[in-house]
Each structure stands twice: as C-alpha cells, then as structure tokens.
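Engineer: Below is a structure I'd like to ask you about.
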Amino acid sequence: KYGAESEAELLEMCAAAEIEVENLHNSEERIATLAQQVEKQLHEIGKSAQILSDKRKAAGEKLATAVEQELIHLSMSGTRFVVEFETEPDEKGLFVGEQRLAFDKTGFDKVQFLLSTNPGEPLKPMAKVASGGETARLMLALKTALAQVDDTPTLIFDEIDQGIGGRVGDIVGQKLWGLTAVGAHQVIVVTHLPQLAGYGDTHFHVSKQVVDGRTKTAVSSLDREGRINELAAMLGTHDHHARGGAQSILHQAYVVKKGEQESVIGKR
C-alpha cells in the first residue's frame, strides 16, 4: 500500500511520518522558532552587508578620482564622475541599525555612475547623458583605471575617436595600447583616426565589395608598407608628405610602446 519493498523501508517511512505529525501538532511553535532564526540571520547578514558597503564606498571614491584623472588626458577635463550608492527600504529586508533594507546576494547597495560633462551641469546617470564618443572614452578611462584588476579578456572600442583630434588621438592610442601591456587584455578598435591606428600591433583594413550583385565585407591584414599606405590615406592623401606623416606616426607609436614594455618588465 505504501510502496515499501522491505520491512526496513516501511519502518523508515513510519519514522518520517511520525516527525511530520509532530511538526503539524507543534506548527505554531515551529513557525515562531523559524521566525527567530530568520531574524537572527537577517541581523548577521546586515552586519556583513554593511562591511561590504563601506568597502565599496571607499573603493568608489578611489575609482571616481582615478577616472576623472584619466578623462583629463582624454580631452574631457572638467568632467565630474561620481559613484552613487542608494538603498531601498523593505519591511522584510535585512537589518542595518534601525532600518530594514531590500537586498540580494550582492548586498543592499544600488550603485550607478553619475556624470557631468560640463562645469555647472548637474550630475545625471551616465547611461542617459553620455554621447557615443563620450561613452567610449569613459569606458576607456574606466578600463584604464581598472586595468590590473579587470579580468575581461577582450575589449572592443568603436567610435572612440569621435570628437577628438590628432593630439588627443595619440594619447588615446597610448592608453588603448596600455590596456594590452598592463592589463593583458586583447583590445579591438574601430577607428578612422591615423594617430590612434598607429598604436595597433596588428592593423586590418575593412572594405565593402559588390560580388555577383551582393555586398560583401572584406577584411585584410596589412604589412608595414600597407599600414603606411592606409595611414596616409587616413591623413587624406597619398603623396610623399602623407607617407612621411604615416611613417612618423608609426615611429612615434613604436618609441612609446617600447618604453612602456621596458617599464612593465622593469616593474616585474
């Protein structure tokens, strides 16, 4: 009747049924006991979450300072970057002092990045106020500040050259390449700025072709001569002056990259 295949199994089922009956008879006491245990654990979790929140806030201040310093070099001086922390009340949440706060496995903090790109403007969520080019530079600043602790293997930057000129482009190129030297990331950049492209370890040219009435994308890897020709074209012409400028860009990048590599090796 009960599906037991042996006397021993039947006795085990009997013992389990007796425990279940006991729990049902003492359900109110059992519920009260469990509620006390839950409240005790919510107090303990609250203490751990508060310690985590304090550490986050300290790290957030350091990150904001580092990002603002990086943005100065990326032609975004005057930009304010703030890590904002908020909490949400919840009558069933964990205990933090006299408060009860909503929480999940990451703690009770609700964190967002706030940004003001011009002096006098109020801080607003970064996702709502940053343009495409600004977002790319902000991500570069964040990744540079976090280069040694971020384990993301591949970083892709598109439109990062939007709104910047050659002088800033050289600095951006240095920082992008620095992510590979310091943080051991693979960095993929889509750019139309020759000063930035000169820092690539490998340079690909992307073009569109019409084959049998269909448009196809072609990607080709460039050797040194191909890079010189491509950088000259990015400068706007193919004459010997542009080629000389392209060679100068590659030489500048080579000198900077060699110096950075020697610096990294020296630190190790």
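Engineer: Please list, ordered by chain and number, the residues whose modelled amide H lies under 5 Å from the amide H of L94; skip anything fewer than 5 residues away on the same chain.
Structural biologist: L101, F103
Engineer: Continuing with the same structure: With r as the distance between the Cβ atoms of K57 and E121 and R0 = 30 Å, compute the FRET efficiency 1/(1 + (r/R0)^6) and round to 0.05. Mind showing how you got there, number by number?
Structural biologist: Working: r = 24 Å, r/R0 = 0.80.
After rounding, the FRET efficiency stands at 0.80.
Engineer: Something else about it: Separation between the H241 and S48 pseudo-spin-labels, each 7 Å from Cα along Cα→Cβ, expressed in nm?
Structural biologist: Going from the H241 label point to the S48 one covers 6.8 nm.
Engineer: Considering the Cα trace of the stretch 41-123, what is its radius of gyration and what is Dmax, both in angstroms?
Structural biologist: 16.1, 50
Engineer: Before I look further, what does the chain give for accessible area per residue, probe 1.4 Å, in whole square angstrom?
Structural biologist: Values: 17600 Å² over 268 residues.
Counting only protein heavy atoms, the per-residue value for the chain is 66 Å².
Engineer: If I take all pairs of Cα atoms in the chain, what percentage of them are more than 34 Å from each other?
Structural biologist: Working: 16832 of 35778 pairs.
Percentage above 34 Å: 47.
Engineer: How much of the accessible area of the chain, probe 1.4 Å, is carbon plus sulfur, in whole percent?
Structural biologist: Using a 1.4 Å probe with all protein chains present, the chain comes out at 52 percent carbon and sulfur.
Engineer: Among all lysine pairs in the stretch 141-268 that are eight or more places apart or on different chains, how many have alpha carbons less than 26 angstrom apart?
Structural biologist: 10
Engineer: State the dimensionless ratio Rg/Rh of the stretch 121-207 (Rg: radius of gyration of Cα atoms; Rh: Kirkwood radius). Can you show the working numbers first?
Structural biologist: Details: Rg = 13.2 Å, Rh = 13.5 Å.
Answer for the stretch 121-207: 0.98.
Engineer: Work out how much length Q252 to I31 would gain on full extension: take 0.36 nm times their residue separation and subtract the Cα-Cα distance, in nm to one decimal. Please list the in-between numbers first.
Structural biologist: On the way: separation 221, 0.36 × 221 = 79.56 nm, distance 7.29 nm.
Extending this stretch completely gives an extra 72.3 nm.
Engineer: Around A66, what is the net charge, scoring Lys/Arg as +1 and Asp/Glu as -1 over all other residues with Cβ under 13 Å from its Cβ? Write down the numbers at each step before the final one.
Structural biologist: Values: positive: K62, K143, K175; negative: E61, E68, E70, D150.
That works out to -1.
Engineer: For the chain, what's the relative contact order in percent, using C-alpha pairs closer than 8 Å and at least 6 residues apart?
Structural biologist: Details: 311 pairs, mean separation 29.9, N = 268.
After rounding, I find 11 percent.
Engineer: Using a Cα-Cα cut-off of under 16 Å, which lysines could be cross-linked to K40, ignoring same-chain neighbours fewer than 8 residues away?
Structural biologist: K92
Engineer: Rounded to the nearest 20 Debye, what is the dipole magnitude of the stretch 114-268 about its Cα centre when Lys and Arg each give +1 and Asp and Glu each give -1 at the C-beta? Can you show the working numbers first?
Structural biologist: Working: 16 positive and 16 negative charges, 25 e Å.
Dipole about the Cα centre, nearest 20: 120 debye.
Engineer: From the phi angles alone, apply the Karplus equation (6.51, -1.76, 1.60; θ = phi - 60°) to the stretch 20-29 and give each ³J(HN,Hα) in whole Hz, x where the residue is Gly or Pro.
Structural biologist: Rounded to whole hertz, the list is 5, 4, 4, 5, 5, 5, 10, 4, 5, 5.
Engineer: Accessible area, 1.4 Å probe, largest first: how do S27, S48 sort?
Structural biologist: Working: S27 45, S48 75 Å².
Ranked from most to least accessible, the order is S48, S27.
The values are calculated or read from the model by the stated rules, or taken from the named source; none is laboratory data. From a predicted model like this one, the values you see are computed outputs, not experimental measurements. Methodologically, a virtual Cβ is constructed for each residue, glycine included, from the backbone with ideal geometry; neighbour enumeration extends over all protein chains shown. What goes into the accessible areas is simple: the full protein's heavy atoms, side chains included, and nothing from ligands, DNA or RNA. Shrake-Rupley method; radii C 1.70, N 1.55, O 1.52, S 1.80 Å.
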